[in-house]
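Here, each number is a calculation from the coordinates, and none is a lab measurement. Remember, predicted model here, so these are calculated numbers, not experimental data. Every residue, glycine as well, gets a Cβ built from its backbone with ideal geometry; the counts of neighbours run over all protein chains shown.
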Amino acid sequence: MRFLSEINSPADLRQLKVDDLQEVADEVRQFIIDTCSLIGGHTGASLGAVELAVAMHYVFDTPKDRLVWDVGHQAYAHKILTGRRDQLHTIKQPGGLSGFLRRDESEYDTFGAGHASTSISAALGMAIARDQKDEDFHVCALIGDSSLAGGMAMEAINQAGHLKSRLIVLLNDNEMSIAPAVGALSRYLNRIKEAQSYQHLKEEIGDALESVPHFGGALSRAAKSVKDAIAAAVLPGALVNELGFKYIGYVDGHNVPMLVRALEEAKKIDDGPVIVHALTTKGKGFPNPEKNYYAYHATGPFDPKTGLPRKSAKATAPTYTAVFGETMCELMERDPAIVGLTAAMPDGTGIDKVLERFPERSFDVGIAEQHAVTFAAGMACEGLKPVAAIYSTFLQRGFDQVIHDVCLQDLNVTFAMDRAGIVGADGPTHHGLLDIAYLRGYPHIVLMAPKDEAELRDMLYTAIEHKGPAALRYPRGNGLGVDISAEPKLLEIGRAEVLARGSDAALLAYGSMVPAAVSAAELLIKEGIRPTVVNARFVKPLDGELIKALAETHDTIVTIEEAYLAGGFGSAVIEALEEYGLQDAVKVVRLGVPDEIVTHGDAAALLSGYGLDADGIAAATRNALLRTGGAVRGEKLRAVK
Ligand SMILES: Cc1ncc(C[n+]2csc(CCOP(=O)(O)OP(=O)(O)O)c2C)c(N)n1
């Protein structure tokens, strides 16, 4: 590494000559490939943004000038150039760098990110604050073409064009979301590119015509007016003229000197916002000759020579995502009213299978969770049975739409919330820990969580057939390997499943925590404690009859959930007990995630750190029984964890 080993901050980068920057970019790219080949990560997304990061840190006086990255998954080069090169190998690892951006990780991370389409709003806020404080610095938002289509980015563009504050938006246009980009905006960006190519062509033809003896001038003028007409029709188009943005582009997003020139031009515009349109290739330089879009976005560890994935132990059980996708296809085969929706996560949610099998009855709406929910509501008004498959964390975006557009009108929409719980390496922005709390407080909605992948099939069917809103949550990763060959069956709504009857304590577990509760019971039985174990199945409506009965026959109820305790499943149980006047009849111990931000890391280790595994549940139960003096048969209790 001729340059990179000496670059410990952007100030070092700015000492170099423009002519050296392409080589710096090459070194950064190789560094990303070498690192990600060992630990995986958002490899392709970051490889596509290497030159953008080099050019931005060269042109802007960071951190005084503010760079605001959208999502932050593509910012590995930014991390490398801002003093975090030697820690890159810790990215997404326990105790290591975040896979996204965090204000507390670096002064160069001006705005925390992980969810899409936030950068222009935040950058505009910074620009306005700068103006109000009479300060002088540049603000540049970097946003991908798919995130640009997100509602909030559009709202920010609308306001930026109106406010006329100095703001630079660098558009990283690779025609890709995680899957290929969808939507009219994507088509519009393509038209800009086509029109510009046409314009260049016309310029070349114009020059050639100019040289034709006698008629040259007239022919050339005619050609230019055609060119102007095309340019006026498409270029710069609505985004620029009508919405008050200036436009610089398009620029080859892998040519650093050209990017530097474009950004220098953008810096000169002081009377309003400007968009610099850079064309990039996702996965640029990834050593995989095959076009594999999904692999380009994020990868596991791979061979740096061939790009092929390193061998990993093959999981025997299918993922919850795969079982969801397969079950959707089965149910859609039988019922033409069912439609499937994803918001830019076809492979992540399993809707990719549905899009393949039923292209007319399934939709990728792009990064547009709010729209997805209300779009589903509209379809439900007309008798369809939409299933919106949205990660728990991303459905947070559509909260009001769930309430106002679906629940208030009691519409038949199913929400399939994948990645509910602790997701692991992606960390705080991606954990799905809030959905119980944010959905439970509103009338009409049915909320459930399966204990395994077979029950996921039953719950999906039950939710779709339920006339009204219903949501099911299930975790990231593999199921338990149970038999899933049975036809999905309807479950009785609001009825829990008693898995074991005991007397000393009742373990009341929700969804992903049921297997851990069963294992905890096995540990306790060895000590002579006989717990009752319940698969709660529903948090709304709760199985009130069962909860009453448990309160009357047990000293202690232990509730267990992979979610924030505040407003969660355990809270619902306590509320129910109060409603029944049984709050003093039984001690309730709630196990779940406390009131703190959960870091990134290995999901199983994080869960165990919160006592959400068999050992933790057994220890908490023992502890509770000691305190309540509950009936403990058998010998002495072992030391409490
Ligand atoms: C609100 C929200 N929905 C979905 C995602 C998942 N997601 C992460 S990156 C990404 C694609 C972003 O595409 P683009 O903005 O074009 O950037 P690129 O990855 O192509 O550089 C998606 C859908 C997210 N982070 N936030």
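Once backbone amide H atoms are built at 1.01 Å from N, ILE338 has LYS385 as its partners under 5 Å, excluding neighbours fewer than 5 places away on the same chain. Please state the shape class of the chain: rounded when a/c is under 1.5, otherwise prolate if a/b exceeds b/c and oblate if not, all from the C-alpha gyration tensor. The shape class here is prolate. Judged by the ratio a/c of the largest to the smallest principal axis of the C-alpha gyration tensor, the stretch 88-188 counts as oblate, that ratio being 1.5 or greater while a/b is no larger than b/c. The overall shape of the stretch 520-560 is oblate: from the C-alpha gyration tensor, with semi-axes ordered a ≥ b ≥ c, the ratio a/c is 1.5 or greater and a/b is no larger than b/c.
Using the crude model of +1 on Lys and Arg Cβ and -1 on Asp and Glu Cβ, and no other charge, please compute the dipole size for the stretch 450-490 relative to its Cα centre, in debye to 20. If you can, show how the numbers build up before the last one.
Values: 6 positive and 7 negative charges, 47 e Å.
Taking the Cα centre of the stretch 450-490 as origin, the dipole is about 220 debye.
Under the criterion of Cα pairs below 8 Å and six or more residues apart, the relative contact order for the chain equals 11 percent.
Toward the positive end of the charge dipole of the chain, with +1 on the Cβ of Lys and Arg and -1 on the Cβ of Asp and Glu, the farthest Cα among LEU550, ALA11, THR349 is that of LEU550. Share of antiparallel DSSP beta bridges in the chain, in percent to the nearest 5? Around 15 percent of the beta bridges assigned by DSSP in the chain are antiparallel ones.
Magnitude of the charge dipole for the chain, about its Cα centre and with charges confined to Cβ atoms of Lys, Arg (+1) and Asp, Glu (-1), is about 580 debye. The stretch between ALA585 and ASP410 holds 59.4 nm of extra length on full extension. This uses 0.36 nm per residue minus the Cα-Cα distance. Listed by Cβ neighbour count within 10 Å, with the fewest neighbours leading, SER37, SER117 appear as SER37, SER117. Which of the listed residues, SER485, VAL339, LEU384, is farthest toward the dipole's positive end in the chain, when Lys, Arg count +1 and Asp, Glu count -1 at the beta-carbon? Positive-most Cα among the choices belongs to SER485. Secondary-structure-derived ellipticity at 222 nm for the chain, considering helices only, amounts to -12000 deg cm²/dmol, per-run term -39500 (n - 2.57) for DSSP H runs with n ≥ 4.
Over 22 Å between C-alpha atoms is what I'm after, so list which of LYS79/LYS133; LYS79/LYS314; LYS17/LYS193; LYS451/LYS587; LYS64/LYS268; LYS17/LYS305 land there. Exceeds cut-off: LYS79/LYS133; LYS79/LYS314; LYS17/LYS193; LYS451/LYS587; LYS17/LYS305.
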